[in-house]
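The values are calculated or read from the model by the stated rules, or taken from the named source; none is laboratory data. Quick caveat, the model's predicted, so the values are computed rather than measured. No Cβ is skipped: glycine too gets one built from the backbone with ideal geometry, and neighbour counts run over all protein chains shown. Areas reflect the complete protein model, heavy atoms only, side chains present, ligands, DNA and RNA absent. Shrake-Rupley method; radii C 1.70, N 1.55, O 1.52, S 1.80 Å.
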Amino acid sequence: MALTATSTATITTLLISLFFLPKIYSSEFTVDHHHIRFAKADVDLLEFPLNLEFFEAEFFLYGALGYGLDKVAPNLTKGGPTPLGAKKANLDHFTQDVILQFAYQEVGHLRAIQKVVKGFPRPLLDLSKESFAKTVDAAIGKKLSPPFDPYYSGVHFLLASYLIPYVGLTGYVGTIPKLKAPSSRRLVAGLLGVESGQDAVIRAYLYEHAKEIVSPYGITVGEFTNRFSELRDRLGHQGHKDEGLVVPLAEGAEGKINGNVLAGDADSVAFDRTAEEILRIVYGSGDEKKPGGFYPKGGNGRIAISHLL
């Protein structure tokens, strides 16, 4: 059957489209070391969490072992500065065991992310007792005496641990809907699963001791967590996205219970946060453009740095 001019033109157009399709398709994706496709649009979103993963890895490693990534996995730091003020915590055997598990899990998280994106050097982290004391004072609304020291005991360390991992968890929840590639969503969902588990363990342990008074402050463990959650909400500037271990009945699951071992919305679904909300919280300034707190010079990566320009 003879080809008409129209059909010839159609075939020619299809052939040209097929010729250029691989270039168009590949321009939207980058390939990791294992040849899994990740959307280039996802790179910044995948890199940003490294800021919090570095914090968690260093805090948990130092707390359990007395040293951090510089000794455990120096290649993952990419030459970033050693954290300030971190040290071994006075932990009981059980708590040290759990924190050490968390620490090595965070090393894995850093490696998993750096397998698929270039990443960036570890940001400068201030993990000193003075840095934590300032944050705790802001949450309580007054200077505690003596200043809060996260390395003083297991309870102190777990209360300090309450401050940050949950922030990363909400960040992952907020990130997943923005990711383009299924492989990106799979990675972040996997990270979220373990981060959620860590947060659940921390909250469950603290919930068991919720009514105990933290000496010498006259404040219960439960009240500390409530104040920490309120502080994160204030700094984030996006309404109610945080809850302590004991809440008003109306805020408990189905409005039927005060205990709140896991935080969630009215349907017990995890809260989400943007990168900007996270920066406001971890900087302690309530402003993504004003670094401070645990990140004296700000976070690294395009998203964090874009707010510092």
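Taking amide H atoms as placed 1.01 Å from N in the peptide plane, list the residues 5 or more away in sequence, or in a different chain, whose amide H sits under 5 Å from that of Gly80.
It is Arg122, by chain and number.
With point charges of +1 on the Cβ of Lys and Arg and -1 on the Cβ of Asp and Glu, referenced to the Cα centre of the chain, which listed residue (Tyr166, Gly141, Leu124) lies farthest in the positive direction of the dipole?
Leu124
Considering the values (i) 69, 57, 32; (ii) 55, 43, 42; (iii) 94, 48, 38, which represents Cα extents along the principal axes in Å as calculated for the structure under consideration?
Answer by label: (iii).
For Thr220, which sequence-distant residues (separation of 5 or more, or a different chain) have an amide H within less than 5 Å of its own amide H, given hydrogens modelled in the peptide plane?
Val214
For the chain, set up a GNM with springs between Cα atoms under 10 Å and report which of His237, His209, His93 has the largest fluctuation.
His93
Can you pull the percent of the chain's accessible area that's carbon plus sulfur, 1.4 Å probe, other chains left in place?
It is 60 percent, rounded to a whole number.
Using the heavy atoms of the protein chains and a 1.4 angstrom probe, tell me the accessible area per residue for the stretch 163-257 in square angstrom.
On a per-residue basis, the stretch 163-257 sits at 44 Å².
Cα centroids of the stretch 39-110 and the stretch 244-309: how far apart, whole angstrom?
About 20 Å separates the Cα centre of the stretch 39-110 from the one of the stretch 244-309.
For a quick check: with amide H placed at 1.01 Å from N, whose amide H comes under 5 Å from Tyr295's, ignoring anything fewer than 5 positions away on the same chain?
Asp126
Over the stretch 59-205, calculate the relative contact order: mean separation of alpha carbon pairs under 8 Å at least 6 apart, over the residue count, as a percent.
RCO, the stretch 59-205: 23 percent.
For the stretch 181-272, what's the relative contact order in percent, using C-alpha pairs closer than 8 Å and at least 6 residues apart? Don't skip to the answer; put the middle values down first.
Numbers: 100 pairs, mean separation 17.2, N = 92.
Relative contact order comes out at 19 percent.
Given an 8 Å cut-off on Cα distances and at least 6 residues of separation, report the relative contact order of the chain as a percent.
Computed value for the chain: 17 percent relative contact order.
Given the DSSP H assignment, sum -39500 (n - 2.57) over each helix run of at least 4 residues in the chain and divide by its residue total; what's the result at 222 nm in deg cm²/dmol, nearest 500?
That calculation yields -16500 deg cm²/dmol at 222 nm.
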